[in-house]
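Structure first, then comments.
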Protein chains: 2
Amino acid sequence: MGETQAAPEPWAEVPARLRARGLRWTPQRRTLLAVLAETRGHVTGAELVERCRTLDPATIPSTVYRTLDVLEDLGIVRHAHGLDGREEFHVLPAADHGHLSCSGCHGTWDVDADDAAALVAVLAERRGFRVDLSHLSVAGLCKGCASER
Amino acid sequence: MGETQAAPEPWAEVPARLRARGLRWTPQRRTLLAVLAETRGHVTGAELVERCRTLDPATIPSTVYRTLDVLEDLGIVRHAHGLDGREEFHVLPAADHGHLSCSGCHGTWDVDADDAAALVAVLAERRGFRVDLSHLSVAGLCKGCASER
DNA sequence: GATGCTATTGCAACATGCTGCAACAACTGC
DNA sequence: GCAGTTGTTGCAGCATGTTGCAATAGCATC
């Protein structure tokens, strides 16, 4: 190969990784993977279903959600919940991180390990709690929205 | 009565506060308030609907949810989203606080302003973001579950 | 390339929550 | 105490996900 750089086509390895676990590579999974490969950042589940339907109108939502579960096991996607409780998926998260959501403009930003370090330390020390960064969700007002009020 | 201790019957004022805003005091709202008055800590929306039905089997879910919206405006309840994205309501929050959820045992704990102070400071300083504590949600493993693995 | 094991699919039904709309009924004012 | 105004209700339907189950179809093996 030699494609081994920052993001060396992780998609190409997915079928093999599935099979290595006794799982299967199906047309429906191929469709979802094709969609994910063109996606960056956050998407909602409904959006993914929608996009799969453009590739294959016969797409069934439950299949998409179940495949996403499998892919989450493989570490290909991550999910969290937005401000409204809707699912948000993350494609190929470079590093574990949480999310900042603005209730004014609905923008979202990442909270990296460094930002959260202090909170993680406090909770570990005071309660022995081990924080899972990927599921950290913080709401509030972003700089712009805060200054507007 | 004579139960007037820490929480001085805030419920008694609700009808007046509604009317002060031109809103109305209806039997359905009375039912929900009766349920909330006996509730402490967190409840899901579905649970509240359920409990209202025991008082009044004719309870309609949409009415409950709409009333909860109104009560949230009045500051009587607060909502957040649990690990699974389901709604969790908080009755009479003594102070703004976030939530810690254990993905092992599904227990939840409060994150008070003090716990979150460092995170709030970091986000304010680095991005000018104003955190809304009541919507802060942190997942991970509690002390017990973490030591089990 | 046929066979068998079993992961996966598709479907239907359910769970939770929101929304539009016509009918109803609290409150206000007379 | 009656009538009008308009906030609320109940209902039906939608949106987003999840789950159970019978039928299908990958894939490993021969």
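Here are the numbers:
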{"read-out": "In nm, spacing of pseudo-spin labels at A:Glu47 and A:Ser147 (7 Å Cα→C-beta vector)", "value": "2.7"}
{"read-out": "Farthest positive-ward along segment B:94-134 dipole, Cα basis, beta-carbon charges - from B:Gly128, B:His99, B:Ala113", "value": "B:Gly128"}
{"read-out": "Heavy atoms of A:Glu50 accessible to a 1.4 Å probe, total area in Å² rounded to 10", "value": "120"}
{"read-out": "Normalised alpha carbon radius of gyration of segment B:10-91 [divisor 2.2 N^0.38 Å]", "value": "1.03"}
{"read-out": "Average beta carbon contacts from partner chains per residue of B:98-105, 10 Å cutoff", "value": "2"}
{"read-out": "Rounded to 5, the percent of DSSP beta bridges in the protein assembly as shown classed as antiparallel", "value": "80"}
{"read-out": "Per chain A, cysteines lacking a partner by the 4.7 Å Cβ criterion", "value": "A:Cys52, A:Cys105, A:Cys145"}
{"read-out": "Relative contact order %, segment B:10-91, counting alpha carbon pairs below 8 Å whose residues are six or more apart", "value": "30"}
{"read-out": "Helix-only mean residue ellipticity at 222 nm for the protein assembly as shown, each DSSP H run of n ≥ 4 adding -39500 (n - 2.57), per residue, nearest 500", "value": "-13500 deg cm²/dmol"}
{"read-out": "Shielding by partners, peptide B:139-147 (average Cβ within 10 angstrom, other chains)", "value": "5"}
{"read-out": "Label zone at B:Glu13, where the point sits 7 Å out along the Cα-to-Cβ direction: segment B:44-87 residues whose backbone N lies under 20 Å", "value": "B:68-79"}
{"read-out": "Full-stretch length increase - A:His106, A:Tyr65 - with 0.36 nm per residue and alpha-carbon distance subtracted", "value": "12.3 nm"}
{"read-out": "Relative contact order [Cα under 8 Å, 6+ residues apart], chain B, whole percent", "value": "18"}
{"read-out": "Solvent-accessible surface ranking, highest first, for A:Cys105, B:Cys52 at 1.4 angstrom", "value": "A:Cys105, B:Cys52"}
{"read-out": "R0 of 41 Å, Cβ-Cβ distance B:Asp73-A:Ala95: FRET efficiency to nearest 0.05", "value": "0.60"}
{"read-out": "Radius, Kirkwood style, for the protein assembly as shown when every pair of distinct Cα atoms is counted (Å)", "value": "21.7"}
{"read-out": "Solvent-accessible surface (1.4 angstrom probe) belonging to A:Cys145, in square angstrom, nearest 10", "value": "10"}
{"read-out": "Solvent-accessible area, 1.4 Å probe, carbon plus sulfur percent, for the protein assembly as shown", "value": "50"}
{"read-out": "log₁₀ of I(q)/I(0) at q = 0.15, 0.19, 0.22 Å⁻¹ - chain A, Debye sum with one point per alpha carbon", "value": "-0.89, -1.19, -1.36"}
{"read-out": "Where labels lie 7 Å past Cα in the beta-carbon direction, separation of A:Asp114 and A:Asp84 in nm", "value": "3.3"}
{"read-out": "Local net charge near A:Val120, Cβ-Cβ under 12 Å (Lys/Arg +1, Asp/Glu -1)", "value": "-4"}
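The values are calculated or read from the model by the stated rules, or taken from the named source; none is laboratory data. As the structure is a computational prediction, the values presented were derived from the model and not from experiment. Neighbour counts run over all protein chains shown; Cβ positions are idealised from the backbone, glycine included. Note: accessible area is taken over every heavy atom of the protein model, side chains too, but ligands, DNA and RNA are not part of it. Shrake-Rupley method; radii C 1.70, N 1.55, O 1.52, S 1.80 Å.
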